[in-house]
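S.K.: Once you've had a glance at the structure underneath, I'll fire off some questions.
The values are calculated or read from the model by the stated rules, or taken from the named source; none is laboratory data. Everything numeric in this text was worked out from a predicted model, so none of it was measured. Here the Cβ positions follow ideal geometry from the backbone for every residue, glycine too, while neighbour counts run over all protein chains shown. Accessible surface areas use protein heavy atoms only, side chains included; no ligands, DNA or RNA. Shrake-Rupley method; radii C 1.70, N 1.55, O 1.52, S 1.80 Å.
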Amino acid sequence: MAEASRIFQTTLMPSLSQSLSLRKPSSQTISLRRTTPAIIRCTISTSDSTAKPAAENPPSLPIPWGCDVDSLDNAAALEKWLTDSGLPPQKMDIQRVDVGERGLVATNNIRKGEKILFVPPSLVISANSEWSFSEAGEVLKRYDVPDWPLIATYLISEASLMKSSRWSNYISALPRQPYSLLYWTRAELDRYLEASQIRERAIERINNVTGTYNDLRERIFSKHPNLFPEEVFNMETFRWSFGILFSRLVRLPSLDGRVALVPWADMLNHSCDVETFLDYDKSTKGVVFTTDRPYQPGEQVFISYGRKSNGELLLSYGFVPRQGTNPRDSVELPLSLKRSDKCYQEKVEALKKHGLSASQCFPLQVTGWPLELMAYAYLVVSPPSMIGKFEEMAAAASNKSTGGKEIIIPELEEQAFQYILDSCESSISKYTKFLQASGSMDLDITSPKQLNRKAFLKQLAVDLCNSEQRILFRAQYVLQAAFGTWDRTGHNKTHCLTFGVTWDWDKDWYKMGQGGTKRLFLFSFDI
């Protein structure tokens, strides 16, 4: 769910042996936030008994709990358990849907601006949840295990107890194999995502999950085999639990970023057209969301999983919205210093001081790119005579420049634009090569089940590459249009209004895009 990727990086990986202090349960009120875009999922299973996990490729073992991703077999039992446990009467029901396979569908008229859901805190799974097998929970807390692996281990522990766990009806309704890049093999990542930077992030995420499990096994599980038997707590069950967390976890802003699973609420699917998210309502003491549109009986109700690109949605949730439907879509543009640069070492040192490296990726949107990208481009193309400005450029590229103002160096603008254009065209060629090859790609199948899986992964990759290449084409168009009216002095002599470019009369700048959380690069032209 929303914020999952960022929280994973900041809370999951700290050493588990640094502190032996016992965590005390929090008495604070839970406050939740969740956001999402429109979901396009295939109904065929992505499982493949011959496929191997991407990191170490061990044999894949079946998970003995959960259900098929589109199954409604356990939905009635889940609803009854939730109602018996304190969930008030709902205006929604779990049904099979066209967008998302399973979702919450309105059973009554729902008004715009109406609060619905009201999941009580007692039905929320967090790091403070009570363990059915309390000894295991106390051991993990003595080692001060971070929230992500703690909840992942908790979920496995409760799932292994089957009907003995109070969460058995919830776990039975969870997918046996979540849609997640955690289940893609390394060969599949290399083959289908070779053109996208999401491949590198997927590999990093898989390695993080594998490393976290190995750390838990070495430091804790191996020392307490009676509490954490390997037949239950193994790499396959951790792949499942982290797949569930990435796709269903919500952030708790009022608890300093604590995270939790919210049964029932996590059946809501994502729409790019929706802005509403989960939150905790103090007056009703329940997790709710406020609708931003009306719903009639029979209509699926949506929320937002966050302002995420198509690649980020694929990474955590396993789907890619239809091309052109996600206004927050972006592509990571890789930029690199050239080793042949006479000032290569000096530029690298300047970047290192501000947490950057000789190779960096920056988000590129249809409407433009962040100021940091332009600052990095200035640094790449700057000559030895500007060595005194390297530090300033590196600081601006890391968003740590004094005053937060953009750097404008007129004598380098043309070279910087050309460098960005060359980088765009280099990435475009990679996408073009993949998309051309995908038409005749040998799926290398030996069974109908494998054909379903390979075709499914290939279609996801093609959809992602088409959406990311589209953004690169837009940037290429804008830059080529700008260069088409650029004279030898570096001044633009004509009024060039390209896609997404508007004239700012107050500042005499061409500006790509309109606002957002981060101001986009401002084209400084002389008219």
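S.K.: Which value results when the Cα radius of gyration for segment 79-157 is divided by 2.2 N^0.38 Å?
M.R.: 1.48
S.K.: Amide H of CYS361: which non-local residues (sequence gap of 5 or more, or other chain) have their own amide H closer than 5 Å, using H built in the peptide plane?
M.R.: Counting only residues 5 or more places away or on other chains, the set is LEU335.
S.K.: Now for a separate question. What would the Debye formula give as log10 I(q)/I(0) at q = 0.20 Å⁻¹ for the alpha-carbon point model of segment 129-224, no solvent?
M.R.: One equal scatterer on each Cα of segment 129-224 leads to -1.05.
S.K.: Further question on the same structure: Using the crude model of +1 on Lys and Arg Cβ and -1 on Asp and Glu Cβ, and no other charge, please compute the dipole size for segment 203-325 relative to its Cα centre, in debye to 20.
M.R.: I would put it at about 160 debye.
S.K.: Give the long-range amide H neighbours of THR290: residues separated by 5 or more places, or on another chain, with amide H under 5 Å away, using H modelled in the peptide plane at 1.01 Å from N.
M.R.: PHE277
S.K.: Once you order the gyration tensor axes a ≥ b ≥ c over the Cα atoms, which shape class does segment 191-316 get: rounded for a/c under 1.5, otherwise prolate or oblate by comparing a/b with b/c?
M.R.: oblate
S.K.: Across every pair of different alpha-carbon atoms, what Kirkwood hydrodynamic radius in Å does segment 246-343 reach?
M.R.: Value: 16.2 Å, from the Cα pair sum.
S.K.: Based on alpha-carbon atoms only, what is the radius of gyration of segment 227-298 relative to the globular estimate 2.2 N^0.38 Å?
M.R.: 1.46
S.K.: Whole-Hz Karplus ³J(HN,Hα) for segment 323-338, in order, using 6.51 cos²θ - 1.76 cosθ + 1.60 and θ = phi - 60°, x for Gly and Pro?
M.R.: Karplus-based 3J(HN,Hα) across segment 323-338 equals 4, x, 9, 9, x, 9, 5, 8, 10, 7, 9, x, 10, 8, 6, 8 Hz.
S.K.: While we're looking at this one, here's another question. What is the extension gain from ASP98 to GLN476, computed as 0.36 nm multiplied by their sequence separation minus the C-alpha to C-alpha distance, in nm to one decimal?
M.R.: Between ASP98 and GLN476, full extension yields 132.5 nm more.
S.K.: I've got another one for you. Return the long-range amide H neighbours of ARG102 (sequence gap of 5 or more, or a different chain), with a cut-off of under 5 Å between placed amide H atoms.
M.R.: Under 5 Å from the amide H of ARG102 lie the amide H atoms of VAL97, each far enough along the sequence or on another chain.
S.K.: Here is a further query. With only alpha-carbon atoms counted, please give the Rg and Dmax of segment 174-220, in Å.
M.R.: In Å, with Rg to one decimal and Dmax whole: 12.7, 39.
S.K.: Given charges of +1 on the Cβ of Lys and Arg and -1 on the Cβ of Asp and Glu, with all other atoms neutral, how large is the dipole of segment 239-308 about its Cα centre, in debye to the nearest 20? Intermediate values should be presented prior to the final figure.
M.R.: Numbers: 9 positive and 8 negative charges, 67 e Å.
Roughly 320 debye for segment 239-308.
S.K.: On to the next question. Mind jotting down the distance between the C-alpha centroids of segment 172-193 and segment 354-417, whole Å?
M.R.: 36 Å
S.K.: Follow-up question, since we're still on this one. So with the 1.4 Å probe, I'd like the accessible area per residue for segment 205-284, rounded to whole Å².
M.R.: On a per-residue basis, segment 205-284 sits at 34 Å².
S.K.: Here's another thing I want to ask about it. Show me the ranking of peptides 377-386, 279-288, 221-230 by mean Cβ neighbours inside 10 Å, starting with the highest. Walk me through the numbers on the way to the answer.
M.R.: Values: 377-386: 18.8, 279-288: 16.5, 221-230: 13.9.
Taking the mean over residues of other Cβ atoms within 10 Å, the ranking is 377-386, 279-288, 221-230.
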